[in-house]
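Everything below concerns the one structure shown next.
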């Protein structure tokens, strides 16, 4: 599951039963994307009251319980097929590393910067998929989107004080977390695309929990820093609104309308994340961040606007 967005269920082959999105459905998807966009801000606010790994341990243990209860009441099967454990183990290891780096990195940088860097994900996936996923090459349209996306990240890192004066210590960790997440998504698409979204999300959470609790005991200076309604509410939000309700709602919409239709709304996430970072956290939103936001949003829109007859720019690809 992504740190500040929907679970990676777009990697599964989903056939929508109703691909036409009406006004009501569009409003629901927009609201859900706004909720996901606010998640990085909620993570940052929760750090005011909880240690980095303590917050992760509380969030994912609670979310795992909620999702497991939902699956049980819905009659979902928890059983894995033969041979799936080894693939799920690799995914879970990368998931745990990704979340740990994201949490540590976000604690050391602004939520607005973390939001924009993490939204480099679709562009990294496109780049990796070109080499490792058959039939998923980079077209001219995707290349333009990639240029906007990576240009946006350059704008994030290069501020008014130049590169050396702008980069914060957490930026590189968030960027590394995003790269691991992209690798994990491509791995999922290539080798375990028959998995149920429930298995992917629930078992990766359960695998990571012991490490989050160990991090809380050994790496957090204190589990509870300054307990406040603001911090507790932020942790409640990311636990039950995004990690639990968000997972269920996104998968319901994905089953109904399909991944392509839903992903035409994901540009909302960085918009909401940056605006709320300035509003709730009073973070400095300089011209470079606004330019980065424009580049990333335009890049996402270009990537998800699919005209017919796209031509592959780089026809020769290597497959592992």
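All of (1) closer than 22 Å to residue 34 by Cβ; (2) part of a helix (DSSP H, G or I); (3) over 15 Å from the mean Cα position of the chain (by Cα); (4) touching a residue at least 12 places away in the same chain (Cβ under 8 Å) hold for residue 283 with one exception: (2). Applying the criterion of being surrounded by fewer than 17 Cβ atoms within 10 Å (Cβ to Cβ) and modelled with pLDDT of 95 or more to the residues of segment 233-250, the residue that is farthest from residue 206 (Cα to Cα) is 233. Out of 121, 128, one residue alone is touching a residue at least 12 places away in the same chain (Cβ under 8 Å), within 23 Å of residue 265 (Cα to Cα) and over 16 Å from the mean Cα position of the chain (by Cα). It is 128.
Of these, 179, 148, 187, which one is under 19 Å from residue 268 (Cα atoms) and modelled with pLDDT of 85 or more?
Values: 179 fails: under 19 Å from residue 268 (Cα atoms); 187 fails: under 19 Å from residue 268 (Cα atoms).
It is 148.
Of the helices (runs of 4 or more DSSP H) entirely within segment 83-200, those holding at least 1 residues that are closer than 29 Å to residue 251 by Cβ and touching a helix residue (DSSP H, G or I) at 6+ places or on another chain (Cβ under 7 Å) occupy 84-107, 111-118, 121-132, 140-157, 169-191. Surrounded by fewer than 23 Cβ atoms within 10 Å (Cβ to Cβ), out of contact with any strand residue (DSSP E or B) (no Cβ under 6 Å at 6 or more places or on another chain) and closer than 22 Å to residue 44 by Cβ, is that true of residue 77? Answer is no for this residue. Looking at 271, 276, 291, can you tell me which residue is buried (at least 21 other Cβ atoms within 10 Å of the Cβ) and in a helix (DSSP H, G or I)? Going through 271, 276, 291 in turn, the sole match is 276.
When only residues in segment 224-236 that are part of a helix (DSSP H, G or I) and touching a strand residue (DSSP E or B) at 6+ places or on another chain (Cβ under 7 Å) count, which is nearest to residue 213 (Cα to Cα)? Looking at residues that are part of a helix (DSSP H, G or I) and touching a strand residue (DSSP E or B) at 6+ places or on another chain (Cβ under 7 Å), I get 235. Here residue 252 fulfils each of the conditions (1) under 30 Å from residue 302 (Cβ atoms); (2) over 19 Å from the mean Cα position of the chain (by Cα) apart from (2).
Evaluate segment 243-255: report whether one residue or more is under 27 Å from residue 59 (Cβ atoms) and touching a strand residue (DSSP E or B) at 6+ places or on another chain (Cβ under 9 Å).
no
Limited to segment 237-258, what total is found for residues that are farther than 13 Å from residue 38 by Cα and part of a helix (DSSP H, G or I)? Total satisfying the criteria: 14.
The values are calculated or read from the model by the stated rules, or taken from the named source; none is laboratory data. These numbers come from a predicted model, not from an experiment. Here Cβ is always computed from backbone atoms with ideal geometry, including for glycine, and neighbour counts include all displayed protein chains.
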